[in-house]
Amino acid sequence: MFNLILFGPPGSGKGTQSAKITQTYQLQHVSTGDLLRDEVSRQTPLGVEAQKYMDQGLLVPDEVVIGMISSRIDETPDARGFIFDGFPRTKAQAEALDKLLEFKNTQIQLLLSLQVPEDELTRRLLGRAAASGRSDDTEEVIVKRLKEYHAKTAAVESYYETFGKVERIKGDGNIDETFRLLSREIDKYLMPV
């Protein structure tokens, strides 16, 4: 089983590239946002638990999210592997994910980190906000989100770096150029289907 974390700040293209990787390599896509919505809509015990926190405007605890990931892995025993998108976001989550995967006799093989200059991220996020009509993606909010990313999430990259599992990918080219660079790294482990 091949397990990959696609990593990068808001606006780096994770969602777009995850979709291309999922399709090309036949990996199961694990987005914690999608998992939460699915578990809540199906009213599973984990979904009911998560809803309690969400109703109070609180973050869903790591152990609930890890439980959802565990369920997703168990539901797809024949999976070729998983691509984690938007998780882990903290070092504690990375450690919990590693423990879960170890329990399931697998591991993260690779973290691909999309490297995009801050001005390009801001440009992309402002463009996305204008296209979608989202009023919460102002330049001020974007700067705050990027600071938050660097303050908390960048520690995940450092954590996996200690195991030699990080490859940094130039992510400011067009979608196809970036995908070619990502594929070059994935192909060392897994061939396209």
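The values are calculated or read from the model by the stated rules, or taken from the named source; none is laboratory data. This is a predicted model, so every value here is computed, not measured. Ideal geometry is used to build each Cβ from the backbone, glycine not excepted, and the neighbour counts take in all protein chains shown. Ligands, DNA and RNA are excluded from the accessible area calculation, which covers all protein heavy atoms including side chains. Shrake-Rupley method; radii C 1.70, N 1.55, O 1.52, S 1.80 Å.
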Practice task
Could you go through the range 171-182 in sequence order and give the Karplus-derived ³J(HN,Hα) for each residue, using 6.51 cos²θ - 1.76 cosθ + 1.60 with θ = phi - 60°, rounded to whole Hz, and x for Gly and Pro?
Solution key: x, 9, x, 6, 4, 5, 4, 5, 4, 4, 5, 5
Fill in the blank from the handout: Output for the chain (equivalent-ellipsoid semi-axes, sqrt of 5λ from the C-alpha gyration tensor, Å, descending) is 25, 23, 16
Completion exercise
In whole percents, the bins of 10 Å from zero upward hold the Cα-Cα pairs of the range 16-92 as 18, 49, 29, 5
Practice task
Between Asp176 and Ser132, with labels modelled 7 Å along Cα→Cβ, what's the label distance in nm to one decimal, could you check?
Solution key: 2.6 nm
Completion exercise
With only helices counted (DSSP H, runs n ≥ 4, each -39500 (n - 2.57)), the per-residue ellipticity at 222 nm for the chain, to the nearest 500, works out to -17000 deg cm²/dmol
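If you roll a 1.4 angstrom probe over the protein chains with everything in place, what fraction of the accessible area of the range 110-174 belongs to carbon and sulfur, to the nearest %? Present the calculation step by step, with values, prior to reporting the outcome.
Numbers: 2010 of 3800 Å².
Using a 1.4 Å probe with all protein chains present, the range 110-174 comes out at 53 percent carbon and sulfur.
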Fill in the blank from the handout: As straight-line cross-link partners of Lys144, the qualifying lysines (C-alpha separation under 26 Å, not fewer than 8 residues apart within one chain) are Lys14, Lys91, Lys152, Lys170
Handout entry: Solvent exposure of the chain as accessible area per residue, Å², 1.4 Å probe
Key = 53 Å²
Problem - Dipole magnitude of the range 1-124 about its Cα centre (Cβ charges: Lys, Arg +1; Asp, Glu -1), debye to nearest 20 - result: 260 debye
Handout entry: In sequence order, calculated HN-Hα J values of the range 2-13 (Karplus, 6.51, -1.76, 1.60; Hz; x Gly/Pro)
Key = 9, 10, 10, 10, 9, 10, x, x, x, x, 7, x
